[in-house]
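Accompanying notes for the structure given below.
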Amino acid sequence: MYLIKNGDILIGMDGDFEVHRWGGENALLNQRVCKVEAATPEIDSGFLYWYLKPEIAAIHQRTPQTTVRHLSTKDLYVIPMPSIGSDEQAVAGQILDTIDTAIHETEAIIAKLKAVKQGLLHDLLTRGIDANGELRPPQTEAPHLYKPSPLGWIPKEWKMPQLYEVCTTIGDGVHYAVRRSAEGVPFLFVSCIRNGEIDWNASSYVSPDTYREIKIKGRPQKGLILFTVVGSYGHAAQIDEEINFGFERNIAFVMPSASVIQPRYLFYFLSSLVTKNQVEKLVIGNAQKVLTLGALKGVLTLLPTFEEQIKISAALDVMSTRIANEIGYVKKMRVQKIALMDDLLTGRVRVTPLLEGDTP
């Protein structure tokens, strides 16, 4: 048994070979977890941690798999070390630690912002915004401003139509298997819609000819809302640009009636817990849950005045933009981190100027 301490380098030997740095209290090492220590003071442990990550990833890729991959200590002993001085190693490790910390801190900020957005979404869709641009006080503080409804207490001025009453069209995607292509027009599956967005990189493609054959009642257009209804149901995403694409029948589409309901407001409403709680009661099936189009059309909506809808969606857009900016920042830092690892771990870019106190 080996004792592991805070900061020790550990590698999982089964399944996915991953390099981690222990961040807990002293503990005993599991037999299928490898502890790696520098053999000499000439190897900086901080540098070694980062250096091993791509090396172990490469071993993982070339290790044959039957059921579960297994890493041998023999694979570790033959990893070549670069001819970089220990002082340079230490600086390189510190640089990578710094950007990694910044990434984790920004991810924590994103998680907090998402939680704040969910709270704001709930407040805006149950209390709304008054004539002064402020959230109405809660029902417990101002009962005269609210009325009871099947969805709970809502502002007196609000209406509660069913979804089909505020839309021009509600339908679903292609009901038959389509021939896919290596390129062409994007074709979406349920897995492409997550966190209020469409992951176009996860889409398949159909040829332009196949796309023209697809029979969808409402051609994709700006403002259209997609809503997953089979399997991983209840995820909404809005089309914010004019783009051709197709999608499977497990995705429904909702075209808001722009004279009745603001499209952006309806997107946020369909993304809310108010909708989610309704959908949970409407889905049918055991192994695979399904929200039928009939049930979707009957979902109750909350309808403030058009002016208030605009205010609500604008407030949520501000939060959405802030989250998107932070996500974009994290993506840039991840790209920068990969580039830095490639440069610093190979010695391609030297950190000697930093050691000399100059700006590199």
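Quick rundown of the values:
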item	result
Rough spin-label spacing in nm, given labels placed 7 Å along Cα→Cβ, for Val68 and Arg212	5.4
Loop chymotrypsin sites (Phe, Trp or Tyr not before Pro), the stretch 102-181, which have at most 13 other Cβ atoms in a 10 Å radius of their Cβ (DSSP)	Tyr176
Per-selection Kirkwood Rh - the stretch 1-81 (Cα, Å, 1 d.p.)	13.3
Between helix 86-126 and the chain: long-axis angle, C-alpha atoms, 0 to 90°, nearest 10	10
Exposure proxy ranking, count of Cβ atoms within 10 Å, fewest first, for Thr63, Thr40	Thr40, Thr63
Debye-sum result for the chain in log10 I(q)/I(0), which assumes one identical scatterer on each alpha carbon, at q = 0.09 Å⁻¹	-0.75
Gain on full stretching of the segment that runs from His175 to Asp100 - 0.36 nm per residue minus C-alpha separation	22.5 nm
Sequence of Val290, Val91, Val78, Val260 once ranked by neighbouring C-beta atoms within 10 Å, starting from the fewest	Val78, Val290, Val260, Val91
Inter-probe distance in nm under a simple model that places probes 7 Å from Cα toward Cβ, at Gln118 and Ala39	5.0
DSSP-defined antiparallel bridges as percent of all bridges, the chain, nearest 5	90
Sequence-separation-based contact order of the stretch 157-253, relative, with Cα cut under 8 Å and 6+ spacing, percent	37
Length gained when the stretch Asp317-Tyr77 is fully extended (0.36 nm per residue, less Cα-Cα span)	81.1 nm
Cα-Cα over 20 Å, subset of Lys5/Lys35; Lys156/Lys297; Lys156/Lys281; Lys147/Lys297; Lys5/Lys112; Lys156/Lys276	Lys156/Lys297; Lys156/Lys281; Lys147/Lys297; Lys5/Lys112; Lys156/Lys276
Contact order relative to length of the chain, as percent, for alpha carbon pairs under 8 angstrom and 6 or more apart	17
Computed over the stretch 186-270, the ratio Rg/Rh where both radii use C-alpha atoms and Rh is Kirkwood	0.95
Value of [θ]222 nm, deg cm²/dmol, for the chain, DSSP H segments ≥ 4, -39500 (n - 2.57) each, nearest 500	-12500 deg cm²/dmol
P(r) histogram, all alpha-carbon pairs of the stretch 132-230 included - 5 Å bins from 0, percent	2, 9, 14, 16, 13, 10, 9, 8, 7, 6, 4, 1, 0
Cβ-based net charge around Ala177, under 12 Å, with every Lys or Arg adding one and every Asp or Glu removing one	+2
Simple label model, 7 Å out from Cα along Cβ direction - Lys331 to Thr292, nm	4.0
Loop-located GluC sites (Glu not before Pro) in the stretch 84-141, at most 10 other Cβ atoms within 10 Å (DSSP)	Glu134, Glu141
Degrees separating the helix 45-62 axis from the principal Cα axis of the chain, which is the longest one	70
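Here, each number is a calculation from the coordinates, and none is a lab measurement. Predicted, not measured: the structure shown is a model, and the values here were computed from it. Every residue, glycine among them, receives a Cβ derived from its backbone with ideal geometry; neighbour counts consider all protein chains shown.
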